[in-house]
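Participant: Input: one structure, supplied below.
What follows is calculated from the coordinates using simple rules that are stated; it is not laboratory data. Worth saying up front: this structure is predicted, and the values here are computed from it rather than measured. Every residue, glycine among them, receives a Cβ derived from its backbone with ideal geometry; neighbour counts consider all protein chains shown.
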Amino acid sequence: MSYCKIYPFTFALLFLVTSAVTAQQNQKFGYIDSDFVLERMPEYSGIEQRLNILSEAWRDELREMNNEIRELEEDFETREILYTEDIRQEKLNEIEAKKRERDTYTEQKFGPDGEYFQQQKELLEPIQRKIFDAVNKIAIRDGYDFVFDRSEDFRILYARTEWNLTEEVLLELGIDVNRLGN
């Protein structure tokens, strides 16, 4: 293989690497803490209260179910020696049916596709849309290439505070950052 064929390839590779490094140096990154923003939005406290009221009613129902199961189990334990094999099996089946009913109810209300998370998604979506729109407006206005969210789902191990856009997002949403307590 001759040097004439390798040299253009090497030059092209070097050009691509240099271009990629230069492009990376020109990129602008920022981040926000969406949980911090969300907690300071006036609409959020009302949504949080609605979800708490809703979930507390379901928790009360679950407590009643658990009490009923516990009573059935205690009754079974105290009378077990008096039962025939058929009645014993019938009582055990009744207890298991109540447990399945409770587990199904728990899954329907609090499972990943349950009513709680559906309600939460439905209620929070308009607020999250406002935050997203504010971030997009700031990112476009100030020329950011990437804006990350440093809330629970994503971890940034180090970030210079000069790239924190959280206050700008709050201002864009009309929330007075001077009145915020940390």
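Participant: Restricting to Cα pairs below 8 Å that are 6+ residues apart, what does the relative contact order work out to for the range 29-179? Please round to a whole percent. Numbers along the way, then the final one.
Facilitator: Working: 103 pairs, mean separation 74.9, N = 151.
Over the range 29-179, the number comes to 50 percent.
Participant: Also, I was wondering about something else. Can you return the lysines within cross-link range of residue 130? Criterion is Cα-Cα under 17 Å, with same-chain partners fewer than 8 residues away left out.
Facilitator: Result set, ordered by chain and number: 121.
Participant: Could I ask something else about it? Subtracting the Cα-Cα distance from 0.36 nm times the residue separation, let me have the gained length for residue 122 to residue 176 in nm, one decimal.
Facilitator: On the way: separation 54, 0.36 × 54 = 19.44 nm, distance 2.64 nm.
Full extension from residue 122 to residue 176 adds 16.8 nm.
Participant: Further, regarding this structure: Between residue 148 and residue 106, what is the label-to-label distance in nm when each label sits 7 Å out along the Cα-to-Cβ direction?
Facilitator: So the label points at residue 148 and residue 106 sit 3.6 nm apart.
Participant: Once label points are set 7 Å from the Cα along Cα→Cβ at both residue 50 and residue 167, what is their separation, rounded to one decimal in nm?
Facilitator: 3.2
Participant: What is the set of long-range amide H partners of residue 151 at a cut-off below 5 Å, with H atoms built 1.01 Å from backbone N?
Facilitator: 34, 35
Participant: Another question, if that's okay. Which loop chymotrypsin sites (Phe, Trp or Tyr not before Pro) in the range 48-116, with loop taken from DSSP, have no more than 16 other Cβ atoms within 10 angstrom of their Cβ?
Facilitator: 83
Participant: Name the shape class, rounded, prolate or oblate, that the alpha-carbon gyration tensor gives for the range 29-179, where a ≥ b ≥ c are the square roots of its eigenvalues, rounded holds for a/c under 1.5, and otherwise prolate holds if a/b is larger than b/c and oblate otherwise. Each step should come with its number before you reach the end.
Facilitator: Details: a/c = 4.28, a/b = 3.39, b/c = 1.26.
Prolate shape, in that a/c is at least 1.5 and a/b is the bigger ratio.
Participant: Classify the range 75-130 as rounded, prolate or oblate from the Cα gyration tensor: take a ≥ b ≥ c as the square roots of its eigenvalues, call it rounded if a/c is under 1.5, otherwise prolate when a/b beats b/c and oblate if not. Can you show the working numbers first?
Facilitator: Values: a/c = 9.74, a/b = 5.44, b/c = 1.79.
In terms of gyration-tensor shape, prolate.
Participant: So what are the ³J(HN,Hα) numbers for the range 51-67, from phi and the Karplus equation (6.51, -1.76, 1.60; θ = phi - 60°), rounded to whole Hz, Gly and Pro as x?
Facilitator: Rounded to whole hertz, the list is 5, 5, 5, 4, 6, 5, 4, 5, 5, 4, 4, 5, 4, 4, 4, 5, 5.
Participant: Return the long-range amide H neighbours of residue 30 (sequence gap of 5 or more, or a different chain), with a cut-off of under 5 Å between placed amide H atoms.
Facilitator: Excluding prolines and chain starts, which carry no amide H, the hits are 146, 147, 148.
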